[in-house]
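Structure first, commentary second.
The values are calculated or read from the model by the stated rules, or taken from the named source; none is laboratory data. Remember, it's a predicted structure, so these values are computed and weren't measured experimentally. Cβ placement follows ideal geometry from the backbone for every residue including glycine, while neighbour counts extend to all protein chains displayed. Side chains are part of the model used for accessible areas, which takes the heavy atoms of the whole protein and leaves out ligands, DNA and RNA. Shrake-Rupley method; radii C 1.70, N 1.55, O 1.52, S 1.80 Å.
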Number of protein chains: 2
Amino acid sequence: MSKDRAITHSFEGEQLESVFVGRRDGQARPTLILIPTVMGVSDLEIGFGRQLVELGYNALVADLFGKEFHGAPRDTMFGEMNRLKSDRAALLRRLEHVLELTRGQPEVQAGQIAVAGYCFGGMCALDLARSGAEISASISFHGLFDPPGLPARKYKTKVAAFHGWDDPMVPPERVVALGQELTEAGADWQIHAYGHVGHGFTNPHASKLQIEGVAYNALAAERSWTSFINLLEELFAEHG
Amino acid sequence: MSKDRAITHSFEGEQLESVFVGRRDGQARPTLILIPTVMGVSDLEIGFGRQLVELGYNALVADLFGKEFHGAPRDTMFGEMNRLKSDRAALLRRLEHVLELTRGQPEVQAGQIAVAGYCFGGMCALDLARSGAEISASISFHGLFDPPGLPARKYKTKVAAFHGWDDPMVPPERVVALGQELTEAGADWQIHAYGHVGHGFTNPHASKLQIEGVAYNALAAERSWTSFINLLEELFAEHG
């Protein structure tokens, strides 16, 4: 049902290659920017994109790391992630570039863009919300909640975070801190916490990473996906 | 579509009157026990019961306070609630009585009972889960999270709590404590927290109470209802 096409683009001299996963009809639709995990664009996010296409949305799976890192080993990718995380202002420019890229695609309905991210990508989705970007929603799946240390802006987007309570990278006090941060920023927000669930719970291959506290959880994956789709219906139902 | 009937019952010498809201066909179905707010059985919970009937469930709206308190003023009801809250072991016996009552109704499918409560009733739903009661799920809408101070038992039920982050009766540290309590008890749990939402958010008349931090919130009411129904489908889809 979907049609994938690679989009090559460049940001501050780096060559990137994102994937647009769209309905075959090519019509402009509400569109999700999907920001991958530390491993970059993979079948996981492209698969989520195809599920979204079946529901009437389009998706752009964003490459943040660069074409040269496609398929790179885990250690390399963690190094690249830490490089991007170490300068959140520069990371935000990169995210704004992806947002502009998405806005420029003919299959993207103007003003109907939401951003969803996984792990590191969840942090990126939150950073766009924090920047005051004009998007419909920012959605984090087992994302990192670390604040960017940039000046606070008024949020123009709804926020939803799906969180495994046992995520070793995001302890309970960070959940409370995010609740406070989002409240102070005036955002419409919701956080769904799942018991006995760790980091990376949407990824069927998470357990292969063999990192303590990182594991797939089919029930949390299903619950968060259902709540995600409910939110998209809330946002876009009249436009779908 | 629904057919209501009053059920009179007695507990330790008190006369109670609950309301069974069932489909007209009288067939045994998965059933929700709905435990009302401090105000006791009201059109609010009966209305939720009717919505459940439209979705293929039956509902029993439980009277915990006694027939003589139907329609009593707010101050009287708060006094009665505090009386029940002051002895959580006795309150649990009362809840177990309601569970037995429900099991005895011909329209109730054996082994297919979930308990959902509002405010004080949310605490009651959690108390049943904490007691190790054999129910399918315990669901709290803007419930109180205060632990009962009774010996911990192994949970036999899934738990879902829908919570307004600005609820003055349940500050963030109580949310964290509930997460820890449910994790230690081994329960399958989820807590959905909503920003800028207070206590009583499912009740369109909550703001009439004129209590600081108590207010209806249409969006949180809709989101929590949708997640509630999703959970019921997860529990009962094969039986519906």
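Numerical summary
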{"quantity": "Fully extended contour minus Cα-Cα distance, from A:T226 to A:S207, at 0.36 nm per residue", "calculated": "4.6 nm"}
{"quantity": "Calculated from backbone phi, Karplus (6.51, -1.76, 1.60) coupling profile of the range B:45-57 in Hz, x at Gly/Pro", "calculated": "6, 5, x, 4, x, 5, 5, 5, 4, 4, 8, x, 10"}
{"quantity": "Solvent-accessible area of A:H97 with every protein chain in place, 1.4 Å probe, in Å² to the nearest 10", "calculated": "40 Å²"}
{"quantity": "Residue closest to axis [chain B; rotation mapping onto A; Cβ; Å]", "calculated": "B:H192, 2"}
{"quantity": "A:K156 paired with B:Q27, simple spin-label distance in nm, labels 7 Å along Cα-to-beta-carbon", "calculated": "5.2 nm"}
{"quantity": "Sequence of B:M39, A:M123 from largest to smallest accessible area, 1.4 Å probe", "calculated": "B:M39, A:M123"}
{"quantity": "Cut-off under 5 Å, modelled amide H: who pairs with B:V108 long-range", "calculated": "B:R29"}
{"quantity": "Kirkwood estimate for the range A:84-147, i.e. one over the average of 1/r between Cα atoms, Å", "calculated": "11.9 Å"}
{"quantity": "Prolate/oblate/rounded call for chain B, Cα gyration tensor, a/c under 1.5 rounded", "calculated": "rounded"}
{"quantity": "Dipole of the range A:1-143, positive direction: furthest Cα of A:H9, A:N82, A:A114, with charges on the beta-carbon", "calculated": "A:A114"}
{"quantity": "Segment A:E234-A:A90, extension gain: residue separation times 0.36 nm, minus the distance between their alpha carbons", "calculated": "48.6 nm"}
{"quantity": "CD proxy at 222 nm, helix term only [per DSSP H run n ≥ 4: -39500 (n - 2.57); per residue of chain A; nearest 500]", "calculated": "-11000 deg cm²/dmol"}
{"quantity": "Phi-based couplings in Hz for the range B:69-82 (Karplus 6.51, -1.76, 1.60; Gly and Pro marked x)", "calculated": "9, 4, x, 5, x, 4, 4, 4, 5, 4, x, 5, 4, 5"}
{"quantity": "Using θ = phi - 60° and Karplus 6.51 cos²θ - 1.76 cosθ + 1.60, couplings along the range A:121-130 (whole Hz; Gly, Pro as x)", "calculated": "x, x, 4, 4, 4, 5, 4, 5, 4, 4"}
{"quantity": "Kirkwood hydrodynamic radius of the range A:37-94, Cα pairs, Å", "calculated": "12.6 Å"}
{"quantity": "Unsatisfied cross-links (Cα-Cα over 31 Å) in the set A:K85/B:K158; A:K3/A:K158; A:K85/A:K156", "calculated": "A:K85/B:K158"}
{"quantity": "10 Å Cβ shell holding at most 12 others, DSSP loop, GluC sites (Glu not before Pro): longest site-free stretch of chain A", "calculated": "A:13-133"}
{"quantity": "Sequence-distant residues sharing a close amide H with B:W189 (under 5 Å, placed H)", "calculated": "A:G195, B:V159"}
{"quantity": "P(r) of the protein assembly as shown over all Cα-Cα pairs, binned every 20 Å from zero, in whole percent", "calculated": "24, 51, 23, 3, 0"}
{"quantity": "Of all accessible heavy-atom area on the range A:10-61, the percent that carbon and sulfur account for (1.4 Å)", "calculated": "42 percent"}
{"quantity": "Mean projected area (nm²) of the alpha-carbon convex hull when the range B:1-135 is viewed from all directions", "calculated": "7.2 nm²"}
{"quantity": "Residue range of chain A that is longest and free of trypsin sites (Lys or Arg not before Pro) which are both DSSP loop and sparsely packed (at most 11 other C-beta within 10 Å)", "calculated": "A:25-153"}
{"quantity": "Under 14 Å from the Cα of B:K154 - aspartates and glutamates, other chains or at least 8 residues apart", "calculated": "B:D127, B:E134, B:E181, B:E184, B:D188"}
{"quantity": "Neighbouring partner chain Cβ atoms per residue of A:182-194, average, 10 Å criterion", "calculated": "5"}
{"quantity": "Heavy atoms of B:T226: accessible area, 1.4 Å probe, square angstrom to 10", "calculated": "40 Å²"}
{"quantity": "Whole-Å semi-axes of the range A:1-69's equivalent ellipsoid (Cα gyration tensor)", "calculated": "22, 13, 9"}
{"quantity": "Distant-in-sequence amide H partners of B:G132 (H built 1.01 Å from N, under 5 Å)", "calculated": "B:K156"}
{"quantity": "Accessible surface buried once B binds A (1.4 Å probe; total of both sides; Å²)", "calculated": "2100 Å²"}
{"quantity": "Inverse mean reciprocal Cα-Cα distance (Kirkwood Rh) of the range B:60-169, Å", "calculated": "14.6 Å"}
{"quantity": "Heavy-atom SASA rank of B:V41, A:V21 (probe 1.4 Å, accessible area, largest first)", "calculated": "B:V41, A:V21"}
{"quantity": "Overall Cα dimensions of the range B:126-240, principal axis frame, Å, largest first", "calculated": "38, 36, 20"}
